[in-house]
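Working notes, beginning with the structure itself.
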Amino acid sequence: MENAPQVEVVIEVPKGSVIKRCSSGALDFISPVPCPFNYGSVDAYIGLDGDLLDAVVLGPRLRRGKRLTVAAIGAIRITDRGLADDKLICSNRPVGGLKRMLILLFFKFYAKCKGTINICRGYSGSNGCLGWLDAREAIESATVRPKTPQAGTRAK
């Protein structure tokens, strides 16, 4: 874990919430099941699906909008509408085998649910959970997001 890459995550869905928001803040869907993790994104990277790189932060509930730097200890790769959609798994504490298995089971369930939502929305493409991969592989597969000037500054 001491060699795990550190990433800055912005929380979009606090642990226990049923409201799933996009990184823009727009409502994505309301879940019948509370989210078992803090769910957010790493806004320094664009994932393979063209959206911000997703991240799950294990541990206690964090408020929506919270930014924190945390170790990326692994990743889960799912397909959503036929596109790879990596989810970094982040924690500053070690995660044992049982917890890893439960995280994988959640994402298998999540992929099936997301597939059903996509059918209802008229989207094509397959959904599934491909399993665990190294966090570095997910980060290296992503694209570094170009930095934009902050409000009140000029681009040079």
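Take residues that are acidic (Asp, Glu) and either in contact (Cβ under 8 Å) with a residue 40 or more places away in the chain or within 22 Å of Leu102 (Cβ to Cβ) (or both) and tell me which of the strands (runs of 3 or more DSSP E) falling wholly in the stretch 1-69 contain 2 or more.
Output list reads 6-13.
For the stretch 44-75, give me the residue count where each residue is out of contact with any Cys (no Cβ under 7 Å at 6 or more places or on another chain) and either of a type outside the set (A, V, I, L, M, F, W, C) or buried (at least 23 other Cβ atoms within 10 Å of the Cβ) (or both).
Counting residues in the stretch 44-75 that are out of contact with any Cys (no Cβ under 7 Å at 6 or more places or on another chain) and either of a type outside the set (A, V, I, L, M, F, W, C) or buried (at least 23 other Cβ atoms within 10 Å of the Cβ) (or both) gives 18.
Take the residues in the stretch 76-92 that are assigned to a loop (DSSP other than H, G, I, E, B) and more than 15 Å from Gly50 (Cα to Cα); name whichever of them is modelled with the highest pLDDT. Steps first, please.
Of the stretch 76-92, the ones assigned to a loop (DSSP other than H, G, I, E, B) are 81-82, 91-92.
Okay, now just the ones that are also more than 15 Å from Gly50 (Cα to Cα), so 91-92.
Values: Ser91: 97, Asn92: 93.
Within the stretch 76-92, the match that is modelled with the highest pLDDT is Ser91.
Does any residue of the stretch 117-134 turn out to be part of a helix (DSSP H, G or I), in contact with a Pro (Cβ under 9 Å, 6 or more places away or on another chain) and touching a residue at least 40 places away in the same chain (Cβ under 8 Å)?
Kept after step one, since they are part of a helix (DSSP H, G or I), are these residues of the stretch 117-134: 117-121.
Those left that are additionally in contact with a Pro (Cβ under 9 Å, 6 or more places away or on another chain): none.
Scanning the stretch 117-134 turns up no residue that is part of a helix (DSSP H, G or I), in contact with a Pro (Cβ under 9 Å, 6 or more places away or on another chain) and touching a residue at least 40 places away in the same chain (Cβ under 8 Å).
Somewhere in the stretch 79-91, is a residue touching a residue at least 12 places away in the same chain (Cβ under 8 Å), surrounded by fewer than 19 Cβ atoms within 10 Å (Cβ to Cβ) and under 17 Å from Lys20 (Cα atoms)?
No - not one qualifying residue is present in the stretch 79-91.
Quick one: Ala138 ticks every box in (1) out of contact with any Gly (no Cβ under 6 Å at 6 or more places or on another chain); (2) of a type in the set (Gly, Ala, Ser); (3) without any contact (Cβ under 8 Å) to a residue 40 or more places away in the chain bar one, so which box is it?
(3) is the only condition that Ala138 fails.
The values are calculated or read from the model by the stated rules, or taken from the named source; none is laboratory data. Model, not experiment: these values are computed from the prediction. Methodologically, a virtual Cβ is constructed for each residue, glycine included, from the backbone with ideal geometry; neighbour enumeration extends over all protein chains shown.
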